[in-house]
Every structure is written in C-alpha cells, then in structure tokens.
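Only the coordinates and a few stated rules stand behind these numbers; no lab work does. Everything numeric here is computed off the predicted structure, so don't read it as measured data. Every residue, glycine among them, receives a Cβ derived from its backbone with ideal geometry; neighbour counts consider all protein chains shown.
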Amino acid sequence: MVELRLPAGLGVEADVLYNRYDFNYLRLASALATGGSTSSSLEIPILLKYKFGGAPLIHPYVEGGPSFRKLFSVVQGTPAIVNDENGKGFALGVGIEFHALILRISPEIRWTHWGTQRFQTATSVFEAKQSQAQFLVGLSW
C-alpha cells in the first residue's frame, strides 16, 4: 500500500493484493465434462480517497477508482496461464483509519466489480463471479 496525501482530506492510494480465485469450467471437447479449478491473481487498485473529519485519532473515509488484475497458474485444469483480457474493474470502499503508536491501522470493506468473467482457452471455458467483496486491513506508518 502506498498513499499520497493531498490537501482537504483527499488522497490517492495504490495497493498490490494477492488473491485466490475458484473457477467452474466447461471443457470444449465434451459439453458434459465440467469441473472446478483454482488460480491466483495480483490486483492493483488505484483509488481516490476522501477522509472525513472526526476524532483526532479516528478518521472515516470513502474511496473509489479503477482496479487492474492479472491471473496466473490455473492449478487443476489447463492451461498454466489464463489470458485475462477482462482484468479491469472498478472498486469502492469504506473504512476508518486510526493511530496506534507509530502505526496507522485502516480496516475497510471494499467491493470490486470486474469486466466479463468468462475466460476461454484452447480446451476450456472458465467462469467466475463478476463482483467481489473483501474485508481488508491496511497497516502503514
């Protein structure tokens, strides 16, 4: 997490997040052959953040902006890498920031909506959910 603080409670935040995805797939060679698989991903949201006034040590905030994703290594199916042409989305979040000694702790709830969640390879079609909700805790100093 990197945050650039701007005047008037504004800021820009960029994160690098590792996630695991579960997919359902349909093999193209046989319409009856279905199954599941997992993949890992890196997500990079770039968010505009607005912090509201509050108690001296507690600051509620809202954030929103684009999010980018790259999928890697489908474990139980083929291929080794999924071509994720739809790895763009939009994220919205709410949270609070508070201070504990030298740390800034920022628990938040973030919702991300991705483009089409259908990935086709030479042998399979993978599908995942288009929206995801996450509970995240940022630690910074």
* Asked: Among all the lysines, which ones have a C-alpha under 17 Å from Lys70's C-alpha, if same-chain residues fewer than 8 places away are not counted?
  -> Lys88, Lys129
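So between Lys88 and Ile109, what do we pick up on full extension, going 0.36 nm a residue minus the alpha carbon distance?
Values: separation 21, 0.36 × 21 = 7.56 nm, distance 1.94 nm.
Full extension of this stretch gives 5.6 nm more.
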* Asked: So, in nm, how far is label Ser131 from label Leu101 when the simple model puts each one 7 Å beyond its Cα toward the Cβ?
  -> 4.0 nm
* Calculated from backbone phi, Karplus (6.51, -1.76, 1.60) coupling profile of the stretch 2-11 in Hz, x at Gly/Pro -> 10, 10, 9, 8, 10, x, 6, x, 8, x
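Between Ala8 and Phe68, what's the calculated FRET efficiency when r is the beta-carbon distance and R0 is 25 Å? Round to 0.05. Can you show the working numbers first?
Details: r = 27 Å, r/R0 = 1.08.
Efficiency at R0 = 25 Å is approximately 0.40.
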